[in-house]
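Participant: Got a structure for you, questions after.
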Amino acid sequence: MKKRILSGMQPTNRLHLGNYLGALKNWVKMQDEDYECLYCVVDLHAITMPYEADGLARSTREIAAAYIAAGVDPKRSIIFPQSAVNTHAQFNWLLSTMTQVGKLDRMTQFKDKGGANREKVGLGLYAYPVLMAADILTYKATHVPVGDDQKQHLELAREIARTFNHRYKTEFFPEPLTVITEQGTRVMSLTDGTAKMSKSDPSDNSRINLTDDADTIAKKIRKAKSDPNPFPTSAAEMEGRPEVQNLITIYSALSGEKPQAIMDRFGGGQFSPFKEALAEVTVAGMTPIATRFRELLADTTEIDKILKDGADKANAIAQPILKDAMELMGFWHA
Ligand code: TRP
């Protein structure tokens, strides 16, 4: 069976360096491997939290534009909005009948997002992981690249696939494998090396946004937290210095240079020459992406066409799978 990748990001906010190095760069690389790649913008998931209706379509285009600007190639990968393929929502219902609420109760993301006010939380937020399983299974995806925080959701998707296969005595769904992005690309906040770089951090200095210009990037890197000790010369000297480790990780991921080579060059000295070099590497890596991103959004004709084509291709894969699944479940069909 052909290896098929499915992944997605929510159109809720702007993307940053962490999304690029942690996810998108990996998605781009997977296009060169032996996979069929589907990358969706999960707009149905985005409405599980309060949102602005008049900004949703724009955010959807923005996330798709970010995929493409980062190097996802619409000729080789299928890029589409989740809401444009109705089988996601249909599978969400079908699979909800195979999901135990006890399992949903244990989802840590739901506990975090739902907070203390459990009685008032929407059913959609609770069912979020079922919709995610539907996203994956409606394509019979075999591999799902996600961050660490989504591992639990993926495990549930695998259980749902197993339950379906067991209940309908079939091998219909492959159990989707989690592809965890390498440790090396986990990007932390520039102001706190123990917290992930995040769009929800109140301080804009904690992250490099996809749309930051060169001056802003350089300024943020110069301000980034380091420590009073000299620049490390070895992995041992990085121990217990999360901020330093993070800056070296970013440098390495963007330049392709090994951390040790970076330490050989800057080790023992002050941080300022390293930071200048890091600013340069970051600007060189991010500016072309920001430029392409802006071009794509200046006129939405191209991006809308890409999303429409992507939705057509995704539908062509997903509709027959839904039909077959419903047949296995015993529904009437002509
Ligand atoms: N829940 C994922 C996140 O927040 C996004 C997502 C939705 C997703 N559906 C998916 C990721 C299917 C991979 C596969 O990051």
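What follows draws every value from the coordinates through simple rules; no lab data is involved. Fair warning: this is a prediction, and the values are worked out from it, not measured in the lab. For neighbour counting, all protein chains shown are included, and Cβ atoms are generated from backbone atoms with ideal geometry for every residue, glycine included.
Participant: Round to the nearest 0.05 the FRET efficiency obtained for SER203 and GLU119 when R0 = 41 Å and r is the Cβ-Cβ distance.
Facilitator: The pair SER203/GLU119 has a calculated efficiency of 0.80.
Participant: Also: Expressed as a whole number of Å, what is the distance separating the alpha-carbon centroids of segment 253-277 and segment 64-86?
Facilitator: Between the Cα centre of segment 64-86 and that of segment 253-277, the gap is 35 Å.
Participant: Same structure again: Of the residues GLU155, GLU302, GLU52, which exhibits the maximal mean-square fluctuation in a Gaussian network model of the chain defined by a 10 Å Cα contact cut-off?
Facilitator: Comparing GLU155, GLU302, GLU52 in a Gaussian network model of the chain, the most mobile one is GLU52.
Participant: What Rg and what Dmax come out for the chain when only alpha-carbon atoms are used, in angstroms?
Facilitator: 21.4, 75
Participant: Relative contact order for the chain: what percent, with Cα pairs under 8 Å and sequence separation of 6 or more?
Facilitator: 22
Participant: Further question: So for TYR39, TYR168, fewest C-beta neighbours within 10 Å to most, what's the order?
Facilitator: TYR168, TYR39
Participant: Could you give the length gained by full extension between ALA214 and VAL101, i.e. 0.36 nm per residue of separation minus their alpha carbon distance, to one decimal place?
Facilitator: 35.8 nm
Participant: Moving to a separate point now. Quick one: among ASN117, ASN86, ASN246, which has the greatest mean-square fluctuation in a GNM of the chain with alpha-carbon springs under 10 angstrom?
Facilitator: Of the options given, ASN117 has the highest mean-square fluctuation.
Participant: Which is farthest toward the positive dipole end of the chain among PRO232, LEU137, ASN315, measuring Cα position about the Cα centre, with Cβ charges +1 (Lys, Arg) and -1 (Asp, Glu)?
Facilitator: Checked the options; the winner is LEU137.
Participant: Extension gain GLN260-THR194, at 0.36 nm per residue separation less the Cα-Cα distance, in nm?
Facilitator: Result for the pair: 21.6 nm of gain on full extension.
Participant: Could you give the C-alpha radius of gyration of segment 246-314 expressed as a fraction of 2.2 N^0.38 Å, taking N as the number of residues it contains?
Facilitator: 1.68
Participant: Turning to a different aspect of this structure: So, by mean Cβ neighbours within 10 angstrom, what's the order for 29-37, 55-63 with the highest one leading?
Facilitator: 55-63, 29-37
Participant: Among all the aspartates and glutamates, which ones have a C-alpha under 19 Å from LYS308's C-alpha, if same-chain residues fewer than 8 places away are not counted?
Facilitator: Cross-link targets: GLU36, ASP43, GLU62, ASP73, ASP135, GLU295, ASP299.
Participant: What translational D, rounded to a whole number of µm²/s, comes out for segment 170-261 from Stokes-Einstein when the hydrodynamic radius is the Kirkwood one over Cα pairs, at 20 °C and 1.002 mPa s?
Facilitator: The diffusion coefficient I find is 143 µm²/s.
Participant: For ALA53 and ARG14, compute 0.36 nm times the residue count separating them, minus their Cα-Cα distance, and round to one decimal in nm.
Facilitator: So the chain would gain 12.4 nm between ALA53 and ARG14.
Participant: Hey, in the GNM for the chain with a 10 angstrom Cα cutoff, which one of THR48, THR138, THR178 fluctuates hardest?
Facilitator: Maximum fluctuation in the GNM of the chain, among the listed residues, is at THR48.
Participant: Hey, can you grab everything whose amide H is under 5 Å from the amide H of LEU177? Only 5+ residues off in sequence or another chain; H modelled, so Pro and N-termini drop out.
Facilitator: HIS143, VAL144
Participant: Still on this structure, I have one more. What number, in percent, do you get for the relative contact order of segment 204-295 if the mean sequence gap of Cα pairs under 8 Å and at least 6 apart is divided by its residue count?
Facilitator: Relative contact order, segment 204-295: 38 percent.
Participant: Looking at the chain, send over the antiparallel percent of its DSSP beta bridges, to the nearest 5.
Facilitator: The antiparallel proportion sits near 10 percent.
Participant: Order by neighbour count: HIS333, HIS153, HIS88, HIS166, fewest other Cβ atoms within 10 Å first, most last.
Facilitator: Ascending Cβ contact count within 10 Å gives the list HIS333, HIS166, HIS153, HIS88.
Participant: Return the lysines within reach of LYS225: Cα separation strictly under 28 angstrom, same-chain partners fewer than 8 residues apart disregarded; answer none if there are no such residues.
Facilitator: Those lysines meeting the cut-off are LYS25, LYS196, LYS199, LYS258, LYS275.
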